[in-house]
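In what follows, a structure is listed as structure tokens, so that the remarks can point back to it.
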Amino acid sequence: MTSHLALMALFALFVSIVFAALTRDEPREQLLFGAKLFAGFVGAGIVAGWVLYPLPF
Amino acid sequence: MHATAADRVQSSTTTYLICVAAWAIPGAGHLWLGRRQKGVTFLIALVLMFVTGLWLEGRLFPFEPSQPLVALAAFADVGIGLSFFVAKAMHAGAGRVVAITYEYGNAFMMVAGLLNMLVVLDAFDIAQGRK
């Protein structure tokens, strides 16, 4: 697997799972918070990619 | 409802044993303290993240005091506990710097180790009755 987007999403998934389990006690809260974190990580990654796109290096 | 181990404040010796177990095997501290769901989650997610890093041809960095950044990377890697030493013993994690996924592999393994350190601190807080 060499897709940058897929690897970034996989990384975000692992980090979201661990942070959600660390900071929330109830499984439902963990699921909601984990989903928000995952969406935030992937969204921020895509936005950062677009912002950096015009840079020549 | 039965009180779990987490509901009691642990002695300092037990607390440190829990921390060592939590470092050696991700999630073991939470399992010891009766937080089964969290323990299993950490065990699966962190070990899988570390193995993914190995699969992506990342490198397990050596402790090299003359190169501070390499030493810091090694410190992050070793945070995953026994998995680090098992991988080293199996000659995994040599890293292939020309692989397109090399940096991803490094990031996966280092972050897995650093997240496990957070998990150890969480287990410490639970054992101390703070959570």
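The values are calculated or read from the model by the stated rules, or taken from the named source; none is laboratory data. Predicted model, so just to flag it, every value in this text is computed and none were measured. No Cβ is skipped: glycine too gets one built from the backbone with ideal geometry, and neighbour counts run over all protein chains shown. Side chains included, ligands, DNA and RNA excluded: accessible areas come from the protein's heavy atoms. Shrake-Rupley method; radii C 1.70, N 1.55, O 1.52, S 1.80 Å.
With a cut-off of 12 Å on the backbone N, the residues of segment A:1-40 near the modelled label site 7 Å out from B:Q37 along Cα-Cβ are A:21-22, A:24-32.
For chain B, the longest principal axis of the C-alpha atoms and the axis of helix B:36-55 are separated by about 10°.
Rounded to the nearest 10 degrees, the angle from helix B:102-127 to the longest Cα principal axis of chain B is 10 degrees.
Computed on chain A, with alpha-carbon pairs under 8 angstrom and 6+ residues apart, the relative contact order is 34 percent. With respect to chain B, whose longest principal axis is taken over its alpha-carbon atoms, helix B:12-24 is tilted by about 30°.
Taking a ≥ b ≥ c as the square roots of the eigenvalues of the Cα gyration tensor, chain B is prolate, since a/c reaches 1.5 or more and a/b is larger than b/c.
So if I place +1 on the C-beta of Lys and Arg and -1 on the C-beta of Asp and Glu, and nothing else carries charge, what would the dipole magnitude of chain B be about its Cα centre? I want it in debye, nearest 20.
Values: 9 positive and 7 negative charges, 70 e Å.
Approximately 340 debye in magnitude.
Can you give me the % of accessible surface on the protein assembly as shown that is carbon or sulfur? Probe 1.4 Å, all protein chains present, nothing else counted.
Working: 7680 of 10750 Å².
Answer for the protein assembly as shown is 71 percent, counting heavy atoms of protein chains only.
Taking a ≥ b ≥ c as the square roots of the eigenvalues of the Cα gyration tensor, an a/c ratio of 1.5 or more together with a/b no larger than b/c marks the protein assembly as shown as oblate.
Partners of B:K38 within straight-line reach, counting lysines whose Cα lies under 26 Å from its Cα and excluding those fewer than 8 residues away in the same chain: A:K36, B:K131. The distance from the alpha carbon centre of segment B:38-84 to that of segment A:20-57 is 22 Å, rounded to a whole number.
Rolling a 1.4 Å sphere over the protein heavy atoms, what is the accessible area per residue of chain A, to the nearest Å²? Don't skip to the answer; put the middle values down first.
Details: 3900 Å² over 57 residues.
Averaged over the residues of chain A, the accessible area is 68 Å².
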